[in-house]
1. Need the failing condition index for A132 against (1) within 16 Å of D174 (Cα to Cα); (2) of a type in the set (A, V, I, L, M); (3) within 24 Å of the chain's Cα centre (by Cα), just the number.
2. Would you say Y178 is within 18 Å of S139 (Cα to Cα), hydroxyl-bearing (S, T, Y) and either within 16 Å of the ligand (Cβ to nearest atom) or outside the structural domain of A244 (by TED's automatic domain parsing) (or both)?
3. Given the options K163, K189, K118, K194, name the one that is in contact with an Asp or Glu (Cβ under 6 Å, 6 or more places away or on another chain), more than 16 Å from the ligand (Cβ to nearest atom) and free of Cβ contacts under 8 Å to residues at least 60 places away in the same chain.
4. Which of the residues spanning segment 238-269 are within 14 Å of the ligand (Cβ to nearest atom) and surrounded by fewer than 23 Cβ atoms within 10 Å (Cβ to Cβ)?
5. Within segment 240-319, considering only helices (runs of 4 or more DSSP H) that don't extend past its boundaries, which have at least 3 residues that are farther than 23 Å from I71 by Cα?
6. Could you list, in sequence order, all residues of segment 223-237 that are within 16 Å of the ligand (Cβ to nearest atom) and either part of a loop (DSSP other than H, G, I, E, B) or touching a helix residue (DSSP H, G or I) at 6+ places or on another chain (Cβ under 6 Å) (or both)?
7. Does G208 qualify as being away from the ligand (no atom under 15 Å from the Cβ), part of a loop (DSSP other than H, G, I, E, B) and in contact with an Asp or Glu (Cβ under 7 Å, 6 or more places away or on another chain)?
8. Does G220 count as more than 15 Å from the ligand (Cβ to nearest atom), part of a loop (DSSP other than H, G, I, E, B) and assigned by TED's automatic domain parsing to the domain that holds V269?
Amino acid sequence: MPKIYLLDVTNRDGVQTAKLGLSKLEKTMTNVYLNEIGVFQSEFGFPTTKHESHYLQANLELAEMGVLQPIRLGGWIRAITDDVETTFKRVPSIKHLNVSISTSDQMITGKFQGRKTKQDVINDMTAAVDAAWAAGAESIGVNAEDASRTDLDYLVEFGLAAKEHKATRLRYCDTLGYDNPFTIYRTNKALAEKVGLPIEQHCHGDLGMAVANSLAGAKGTIDGGQDAYINTTINGIGERAGNADLVTVILAVTKSKDFAGKYQLGGSVDMAKAWKIAKFAEYAFDVPIPINQPGVGANAFAHESGIHADGVLKDPENYELYGYEELGRGDPIKVDTGREIIAGQYSGISGFSHVMGKIRDVSFKSKEEANEVLELVRYANVLSHKPLVEDELLFIARYPQIVKQLLTVTPLVTK
Ligand SMILES: [Zn+2]
């Protein structure tokens, strides 16, 4: 029976969101946490964007070192041969790509303005796929942007052309959040049956149905005989009204009626990491988790009314669908209410040693080593503008050479 895999796009769709972003160290920590929670692939950035190069190469090195394993790191580019060439020039170790092109009449007319026909779109895509294989790619997803507003016959033709050129998956992008669970089930089932490739569900929340649509699309894909790859972001952060939230998707697949047991997640997903990853994204994006967010919201396990409180105390299953422990909740949060010493861009060695001394398992071999790590902490803080979390400090102490590489952002201005 085909399965559902998680392909998280926080480091691509999440960071391209208006008014929001992550530093390169925060993007790296996001990949570390996504690996821990058991996501199949992280769409980790933009290989054609100059300021991403060092970060992308550094993360691929972490994969080679076994730190970012078994997660796959995939880049996002436009489905044109120029982008493929630039990708392998800037990020030579990259192995996994998603290549994207618009397929709807609206976008072919409205964006390309008569410069491309529907056949040109297919030709550009297949040429990009061929070029990526030739350059050394190991997997290629082909993205149909605005697939939900694309005529199904053309979408099948597009998918079959991708398959003929040995594409690994087809990404069905509900770019505008236009679908509902009934329509996406139908379309994804038809695509799985007629194209015969695994289908990715890329859903947005403009009508409040990103998670429901992802599930329905995945069900359609599996019923059509193919593996499904749901695109998620942490806390649902993404363009406009956002994407399908990672933790909610995991809950919906594993806990919802008639789904759990029948349609299963592939890989080994560890939901106990949910709290940690959601809280990190909340801090790094500086976007509070809504009080009523499934699983990780402040009210997700709060009960006040007499009947509910009495019922849940007698047996939690009276009013809770799943336990808070399953999401890694339950430990008290320690908050310092007295003096605070913070490691930042203007810190000295004394304050830094104090901060690091409070973290277990950290000891420096020499004063030089401590100074070197402090210097990296200063630079990381210059880019994130907020105190680093304990995991980030530990990561810098453990992998200083990698951090040095990913913090290097050299403007390449062509005259
Ligand atoms: Zn998107």
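The values are calculated or read from the model by the stated rules, or taken from the named source; none is laboratory data. Just so we're clear, the structure is a prediction, and the values are computed from it rather than from any experiment. For neighbour counting, all protein chains shown are included, and Cβ atoms are generated from backbone atoms with ideal geometry for every residue, glycine included.
1. (1)
2. Spelling it out, it is not the case that Y178 is within 18 Å of S139 (Cα to Cα), hydroxyl-bearing (S, T, Y) and either within 16 Å of the ligand (Cβ to nearest atom) or outside the structural domain of A244 (by TED's automatic domain parsing) (or both).
3. Answer to the check: K189.
4. Result: E239, R240, A241, G242.
5. Correct list: 306-314.
6. Correct list: I230, T232, T233, I234, N235, I237.
7. Spelling it out, it is not the case that G208 is away from the ligand (no atom under 15 Å from the Cβ), part of a loop (DSSP other than H, G, I, E, B) and in contact with an Asp or Glu (Cβ under 7 Å, 6 or more places away or on another chain).
8. no
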